[in-house]
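To start, the structure itself, in structure tokens.
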Amino acid sequence: MAIEDFARAIPKIELHLHLEGSVRPSTFVALAQKNGLSLPAFDDVMELYRYDNLIDFLKIYDLVCRAVRRPDDFHRIAYEALSSAAAGGGRYVEFFFSPHAHAEFLSYPEMLDGILAGMRDAETDHGVVSRLIPAHAKPLGPEKGVAFVEMVAEHRRDAVIGIGTDYDELPDGPAVFRAMYERARALGLHVTTHAGEVGPAAFVREAVEVLKVERVDHGYHVVDDPALVEECRAAGVFFTCCPSTTLYTTEYTDLSAPDHAIRRMIDAGLKVTLNTDDPPMFGTDLGAEFAMAAKALALTPAELKTCTINAIDASWLDEGTKRTWR
Ligand code: ADE
Ligand code: ZN
């Protein structure tokens, strides 16, 4: 069997997916129209989903967020995101969403009501189990980060299992969020952060050593510091890598190159998992992403299997469930 077919066929766990980055273009336009949000002119809606760096991507991501304003909008986009993941072989999904980007339109508990209803319906209809990770936008800063964690804890629901940070990584390293992460860990929330997507290896080190994250989202620039690679390998740090994203937001624009960061991370024995990040916004879906990545990164069946086992281990499933999944 060709590696692409094997990659497409295997059951998958997705640990790095953004709800708003999963909004289908047709849904984006429909929600914008319904909610009175004017969009830039386009002939084909896919023209809106074009960028070649993280900052330009985030501008469109924010526009998509602004189209999502009511609990039933959240229900729709969560259901669609998880249905798409299930269609690509996704069995279990932990996904981010960006509460601050909708706060002008509805309360945090109202957002949760819509998303959790979409998660339940997707599980009933497609058998895909999911959990939610509210994410704090780094540019909002550390003080708001602590308030964000208090908000998440105050409105805790069973399916909300941890917190993350995303958006632009620069200029400050993750260490400025030390208090936020200490508080999240003290409250029993799982913790992860985007780091090393465009930021330097030192940011990956801060994420691991200062924030004590359970996994690093992206993390590619770890490869620039061989000592850190070795430390992460020895400590079994998990990385949620997103092959297609690297083509748009990073300097690693050739997945087939032997020095692509993800290939080097796998070669170095780091615990890499494969994920989609913002599938329609990066022109992919879970099945296509695994097939494309397996071929371009020249993954062997054993490497692909290792990525999947890594995803089980890196997930925030309980230990009993992890044992049965392995
Ligand atoms: N939000 C959604 N996708 C992101 C990414 N790749 N990096 C930072 N923030 C994001
Ligand atoms: Zn991301």
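Pairs linking a residue in the stretch 235-247 that is closer than 15 Å to ASN53 by Cβ and modelled with pLDDT under 95 to a residue that is more than 10 Å from ligand 1 (Cβ to nearest atom) and among the small types (Gly, Ala, Ser), with Cβ atoms under 6 Å and 6 or more positions apart or on different chains, do not occur.
Just to be sure I understand, how many residues within the stretch 180-223 are aromatic (Phe, Trp, Tyr) and either away from ligand 2 (no atom under 14 Å from the Cβ) or more than 21 Å from ASP313 (Cβ to Cβ) (or both)? The number of residues fulfilling the criteria is 2.
The residue that is surrounded by the most Cβ atoms within 10 Å (Cβ to Cβ), among those in the stretch 14-51 that are over 26 Å from ALA87 (Cα atoms) and aliphatic (A, V, I, L, M), is LEU37. Is it fair to say PHE290 is at pLDDT 95 or above, of a type outside the set (Asp, Glu) and either over 22 Å from ALA9 (Cα atoms) or not in a helix (DSSP H, G or I) (or both)? The answer is no for PHE290. Total residues in the stretch 244-257 satisfying the condition of being in contact with a helix residue (DSSP H, G or I) (Cβ under 8 Å, 6 or more places away or on another chain) and either over 21 Å from LEU15 (Cα atoms) or more than 12 Å from ligand 1 (Cβ to nearest atom) (or both): the figure is 5. Just to verify a result, which residue in the stretch 219-237, among those that are in contact with a Cys (Cβ under 9 Å, 6 or more places away or on another chain) and not hydroxyl-bearing (Ser, Thr, Tyr), is farthest from ALA294 (Cα to Cα)? Residue satisfying both the conditions and the ranking: VAL222. The combined condition, being touching a Phe, Trp or Tyr at 6+ places or on another chain (Cβ under 9 Å), modelled with pLDDT under 95 and within 14 Å of MET281 (Cβ to Cβ), is fulfilled by VAL45.
Just the residues that are closer than 16 Å to ASP166 by Cβ and more than 13 Å from the chain's Cα centre (by Cα), please, taken from the stretch 247-280. The answer is TYR248, THR249, THR250. Looking at the stretch 81-196, the helices (runs of 4 or more DSSP H) lying wholly inside it that each contain 1 or more residues that are touching a residue at least 60 places away in the same chain (Cβ under 8 Å) sit at 108-126.
The residue that is surrounded by the fewest Cβ atoms within 10 Å (Cβ to Cβ), among those in the stretch 170-202 that are over 16 Å from PRO134 (Cα atoms) and touching a Ser or Thr at 6+ places or on another chain (Cβ under 9 Å), is VAL198. Between ALA201, ALA207, the distinction of being within 22 Å of ALA179 (Cα to Cα), without any contact (Cβ under 8 Å) to a residue 60 or more places away in the chain, within 16 Å of ligand 1 (Cβ to nearest atom) and in contact with a helix residue (DSSP H, G or I) (Cβ under 8 Å, 6 or more places away or on another chain) belongs to ALA207 only. Contact map, the stretch 52-76: first residue closer than 19 Å to PHE105 by Cβ and away from ligand 2 (no atom under 16 Å from the Cβ), second residue in a helix (DSSP H, G or I) and aromatic (Phe, Trp, Tyr), Cβ cut-off under 8 Å, separation 6 or more or different chains; pairs are ALA67/PHE28; VAL68/PHE74. Within the stretch 234-263, if we keep just the residues that are under 15 Å from GLY196 (Cβ atoms) and more than 16 Å from ligand 2 (Cβ to nearest atom), the residue that is surrounded by the fewest Cβ atoms within 10 Å (Cβ to Cβ) turns out to be GLU251.
Can you name the residue in the stretch 301-326 that is touching a residue at least 40 places away in the same chain (Cβ under 8 Å) and in a loop (DSSP other than H, G, I, E, B) and, of all such residues, is surrounded by the most Cβ atoms within 10 Å (Cβ to Cβ)? Ranking the qualifying residues of the stretch 301-326, first place goes to SER315. Look at LYS59 and say whether it is under 19 Å from the mean Cα position of the chain (by Cα), within 16 Å of ligand 1 (Cβ to nearest atom) and of a type in the set (Lys, Arg). In short, yes.
The values are calculated or read from the model by the stated rules, or taken from the named source; none is laboratory data. Nothing here was measured: the structure is a model prediction, and the numbers come from that model. Don't worry about glycine lacking a Cβ; one is built from the backbone with ideal geometry, like all the others, and counts go over all protein chains shown.
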